[in-house]
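Peer 1: Next up is a structure, given as structure tokens.
The values are calculated or read from the model by the stated rules, or taken from the named source; none is laboratory data. What you see is a predicted model; the values in this text were computed from it and never measured. Positions of Cβ are backbone-derived with ideal geometry, glycine not excepted, and every protein chain shown enters the neighbour counts.
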Ligand code: SF4
Ligand code: F3S
């Protein structure tokens with residue numbers, strides 16, 4: 001395990017703010033407040049595994065999400081503490097020096113390091129569409145991912161293939177879980193993923209030595225267990241039948257529901273409304289745009305067009321429960337989108353059935 005010389009307080013974060021942050025992570029993980037001191041201890045501990053961050057076929061949006069903060073965040077410091085031994089985009093080393101840093105970590109910490117993967121892996125034409133230092137993404141993933149303690153796939157490309165895998169998927173792009181079978185994998189989809197969820201996942205691993213509870217798509221339930229629609233601040237307007245009809249109309253200015261503007265919140269599972277992005281500042285629906293479903297598999301094929309509303313569902317209104325609405329939306333959209341191939345995509349993963357079971361609980 002790696003020893004870090006960096007203390008949270010020496011990095012300019014007050015004890016008070018650090019504990020406040022630990023309390024946020026505790027709440028994100030849905031743990032009792034009694035875990036706050038344990039989480040603080042786990043983050044400050046000297047015994048933390050190194051991280052190798054691989055970046056393949058992507059836009060670097062997940063790295064941007066990690067780095068783009070108006071000020072240094074506690075999350076960044078926590079990840080600094082983790083000793084990211086290899087990250088092509090942000091590491092100072094380059095060329096042979098960078099490759100040898102990765103090889104050293106691999107040798108010294110075999111089976112003990114965390115592998116974070118960003119971007120999809122193209123397997124078409126022997127993987128020629130993405131190579132680093134002359135090796136294909138698949139070859140690197142097999143070596144680095146296959147010898148890790150756990151793999152965390154961040155962003156929709158690494159988890160489900162994302163945009164590169166959109167029809168007709170010319171490079172044969174795949175997500176990590178389709179390729180690696182011998183190492184525990186945690187999927188954190190989203191375009192980009194939410195860094196707070198990454199931090200909470202890592203903290204859970206440091207604390208318990210195991211991944212958090214996952215759903216059938218290998219997503220942590222603490223982050224993907226609820227639909228956007230169920231926690232949305234515009235939900236009361238949805239129930240009251242108050243919808244934005246046109247961008248910039250009175251309803252839009254008043255913060256009414258974006259369902260008629262194509263919001264896919266009723267079909268999307270993610271904690272965006274509660275955790276939000278940019279240090280908890282905002283999230284797409286709060287900013288006035290509907291959810292495009294970016295954390296769902298194949299959203300680029302199945303949730304489009306962006307501004308087409310989900311089918312009209314009877315039973316919407318103040319009397320309807322979330323369960324009834326959810327079941328109706330999934331059922332009807334399955335019929336409508338079936339023409340475009342969604343049904344196959346969703347049903348093949350047992351998505352509808354699993355979700356209906358979860359709603360019953
Ligand atoms: Fe929120 Fe979208 Fe649901 Fe409306 S349809 S309540 S904007 S998630
Ligand atoms: Fe993505 Fe929808 Fe959240 S578009 S970021 S899952 S609000």
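Peer 1: Conditions: (1) surrounded by fewer than 20 Cβ atoms within 10 Å (Cβ to Cβ); (2) at pLDDT below 95. Residue 197 meets all but one. Number of the miss?
Peer 2: Result: residue 197 passes all but (1).
Peer 1: Turning to a different aspect of this structure: Please go through segment 102-161 and pick out each residue that is at negative phi, in contact with a helix residue (DSSP H, G or I) (Cβ under 7 Å, 6 or more places away or on another chain) and assigned to a loop (DSSP other than H, G, I, E, B).
Peer 2: Passing the criteria: 113, 123, 130, 147.
Peer 1: Further question: Hey, which of the helices (runs of 4 or more DSSP H) in segment 165-245, taking only ones fully inside, have at least 2 residues that are away from ligand 1 (no atom under 16 Å from the Cβ) and more than 27 Å from residue 126 (Cα to Cα)? Spell out the reasoning first.
Peer 2: Details: elements: 195-208, 221-224, 228-231, 235-239.
Output list reads 195-208, 221-224.
Peer 1: Got a sec? Which of 223, 213 is within 16 Å of ligand 2 (Cβ to nearest atom) and in contact with a strand residue (DSSP E or B) (Cβ under 8 Å, 6 or more places away or on another chain)? Let's see the steps before the verdict.
Peer 2: Numbers: 213 fails: within 16 Å of ligand 2 (Cβ to nearest atom).
Within the list 223, 213, the selection yields 223.
Peer 1: Same structure, new question: Working only within segment 246-271, note down all residues that are outside any helix (DSSP H, G or I) and either without any contact (Cβ under 8 Å) to a residue 40 or more places away in the chain or in contact with a strand residue (DSSP E or B) (Cβ under 6 Å, 6 or more places away or on another chain) (or both). Break it down into steps so the answer makes sense when it comes.
Peer 2: Going residue by residue through segment 246-271, those that are outside any helix (DSSP H, G or I) are 246-249, 254-258, 262-264, 268-271.
Matches in segment 246-271: 246, 247, 248, 249, 254, 255, 256, 257, 258, 269.
Peer 1: Anything in segment 271-283 that is out of contact with any helix residue (DSSP H, G or I) (no Cβ under 7 Å at 6 or more places or on another chain) and either near ligand 2 (Cβ under 9 Å from one of its atoms) or on the phi > 0 side of the Ramachandran plot (or both)? List them, or say none. Talk me through it step by step, then tell me what you get.
Peer 2: Looking only at segment 271-283, we keep the residues that are out of contact with any helix residue (DSSP H, G or I) (no Cβ under 7 Å at 6 or more places or on another chain), and these are 276-282.
Scanning segment 271-283 gives 276, 277, 278, 279, 280.
Peer 1: Okay, moving on. Which one of these does residue 274 not meet: (1) more than 9 Å from ligand 1 (Cβ to nearest atom); (2) part of a loop (DSSP other than H, G, I, E, B); (3) within 17 Å of the chain's Cα centre (by Cα)?
Peer 2: (2)
Peer 1: Next question. Of the conditions (1) crowded, with 19+ Cβ neighbours inside 10 Å; (2) at pLDDT 85 or above; (3) in contact with a helix residue (DSSP H, G or I) (Cβ under 7 Å, 6 or more places away or on another chain), residue 21 fails just one. Which one is it?
Peer 2: For residue 21, the exception is condition (2).
Peer 1: In the set 248, 317, 280, which member is over 23 Å from the mean Cα position of the chain (by Cα) and at pLDDT below 95?
Peer 2: Values: 248 fails: at pLDDT below 95; 280 fails: over 23 Å from the mean Cα position of the chain (by Cα).
Result of the check over 248, 317, 280: 317.
Peer 1: Of all residues being within 10 Å of ligand 1 (Cβ to nearest atom) and over 28 Å from residue 187 (Cβ atoms) in segment 246-271, which is surrounded by the fewest Cβ atoms within 10 Å (Cβ to Cβ)? Just the residue, please.
Peer 2: If we take residues in segment 246-271 being within 10 Å of ligand 1 (Cβ to nearest atom) and over 28 Å from residue 187 (Cβ atoms), then 255 is surrounded by the fewest Cβ atoms within 10 Å (Cβ to Cβ).
Peer 1: While we're here: Say whether the condition of being at pLDDT 95 or above and within 26 Å of residue 36 (Cβ to Cβ) is met by at least one residue in segment 231-238.
Peer 2: Yes: one or more hits.
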